1. Using DSSP to call loops (not H, G, I, E or B), can you name the GluC sites (Glu not before Pro) in segment 126-233 whose Cβ has at most 10 other Cβ atoms within 10 angstrom?
2. If you wrap segment 264-489's Cα atoms in a convex hull and average its projection over all directions, what's the area in nm²?
3. How much area per residue is accessible in segment 264-489 when the probe is 1.4 Å and only protein heavy atoms are counted (Å²)?
4. How much FRET efficiency would the formula 1/(1 + (r/R0)^6) give for Q501 and S329, where r is the Cβ-Cβ distance and R0 is 30 Å, rounded to 0.05?
5. Over segment 5-241, what is the relative contact order in percent, taking alpha-carbon pairs closer than 8 angstrom and at least six residues apart?
6. Give me the extension gain from E557 to S510: residue separation times 0.36 nm, minus the current Cα-Cα distance, reported in nm with one decimal.
Amino acid sequence: MDEQPQFHEVEARSVLETGIAGLDHITGGGLPRGRVISIFGAAGAGKTVLGLQILAHRVSMGERAVFISFEQTADSVLEDMAGFSWGADGFPEDDLIVLETGVPTDLHISGRFDMQGLIATLLAVTDASGATIVMLDGLNALLSLLLEEADERRELLRLTDWVRSQGLTVLITAKASAENERARTRAEILDYQTDCVLVLDRLQTGNTISRTLQVTKYRGAAHIGHIVPVVMTHNGVDVVVAASLVLEDSTTSVSGSRPDERMPTGVEELDPLLGGGYLVGSRTLLSGAPGTSKSTLAAAFSLAVVQGGGRVLYVSFDEVRAQLELHTSSVGYSFREPLENGSLRILEESAAGGTPEESALRIIRAVDELGANAVVIDPVSALTSSGQPFVEEALSYLLTSLSQRGVTVLLTSLLHGAASLDDEATNSNISTIADNWIHLTYIANGGERNRALTIVKSRATAHTNQVRELVITSDGIELRPAYAADGDVLLGSARVQKEEQDRTAAWLRSVEYERGEAEILASMAELEGRISGLGNEVDLRRRDLERLRSTRDGALERTATALEARVASRRSGNLANEGEANQK
């Protein structure tokens, strides 16, 4: 009989969640457990912070970890950890063991050097503590003690083989240095002999530096290999990847709200044009040239939200707080009271003062601190047109994070020069980021420039496609129906003049109607009088006819009676004659 083929059972890949959502996403769930992971980067790239953050998360999940530094003292490592949210309270010594094995600068090596001492130390510490994850920080400092390239290759292989035999997960940080051929070769050897490689880097654009992360290697697992932005915050390393955020079901994303619940726009005439206002949790874009009242509409919305009991974060890229307060109060929208009672907060941002991803994380943190249920970003074009890398990633991450929190978002976008709606759709990626799109523009006619408002799109809402004239008064914004005449849209004085002409024409028509009505009523009265007179004449004629008929009937009756009498007389005479003859 033919022998049945034998199959080897393959265990499912075991991963180690890092607690960094973006990193777990691009690595397909986490780093490989029981393997060697290298973290490369230049000095100050965040290698040590990233490794410590992963260790801190694993300790919080009940594991024990060992940190060995070849460049820092144990005290300095603990001080660095205390600066982040995950290390501020410290860790029990048995859960996170921090060791220092700094290499003295004046160390002189005589004879052969190997990793056996390090392996023995690791074995003793892990056996005693039960640690399952180890971090070797700055291993390149130790490797630099080896005199030959072949020695580095041999000792790294010894270390990685031992780690795998013990089932330990080991993080190795090392400088990605191109300062000399030996340093480049050392990095290549480490890259080759480890199972997963993360590279931290810095990308300079003008005066701004963006931090980045890339998974350049992950044996036996699918992963996302493109460069992603990274931000260093009080939480440590944040990997800015929108796809790592999980959105709740729309019916439960906003606590206590209905799927069809709406927020007022702050402009009475605009609410019915949008089915009652902005849907809670939606995103609205206000686009337009400078001076078309984008910020004024944003101020109206902000005050409407706080007056309804909500909280608003107003992110201003254009103006400082004092200028914004002055400009909004001049048109009837005063921020003074909500700023004093804390229901409104103005966050001043500068597109030139950092990266888009840093702005995104500051906004998210401010939203959480305030407990805001509405956010205004004025203008978002300060980010989208900044020329910085990762603009789309940062904006997508920001908006997804706000949607995750059920926050209603209002964005303004500045159009310059002859920019069209098509340009705005391209620049702002409008088809995906906005549920509502309101465009503000100027219409020039008769020596005037008047503001106009158009609703370009509004998802899940019946809305008008008609242009409205936008008028700013001392009491706020008013929307007035535009006047369409002979294919033209009339606004401002032209509309007022045309409306006056229409009112005059309508008055003249009413006068003409009244005159015609009077003439008809007079004619009707005359006819009614003539009809009344004819009615009287008819009555006279009827009575004459009745008298005539009565006279005629009496004559006929008398004639008939006379005839009857004559006939009767003749009959009685004939009878008498016959009697006499018989007697004779």
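1. Values: sites: E148, E149, E152, E155, E179, E181, E188; in loops: E148, E179.
Hits after loop and neighbour filter: E148, E179.
2. Details: hull surface 49.3 nm².
The orientation-averaged projected area of the Cα hull of segment 264-489 comes to 12.3 nm².
3. Values: 9280 Å² over 226 residues.
Dividing the accessible area of segment 264-489 by its residue count gives 41 Å².
4. Numbers: r = 38 Å, r/R0 = 1.26.
So the FRET efficiency works out to roughly 0.20.
5. Values: 426 pairs, mean separation 68.8, N = 237.
Normalised by residue count, the contact order of segment 5-241 is 29 percent.
6. On the way: separation 47, 0.36 × 47 = 16.92 nm, distance 6.85 nm.
Between E557 and S510, full extension yields an extra 10.1 nm.
The values are calculated or read from the model by the stated rules, or taken from the named source; none is laboratory data. None of the values given here were measured: they were computed from a predicted structure. No Cβ is skipped: glycine too gets one built from the backbone with ideal geometry, and neighbour counts run over all protein chains shown. Remember, those area values only see protein heavy atoms, side chains included, never the ligands or the DNA or RNA. Shrake-Rupley method; radii C 1.70, N 1.55, O 1.52, S 1.80 Å.
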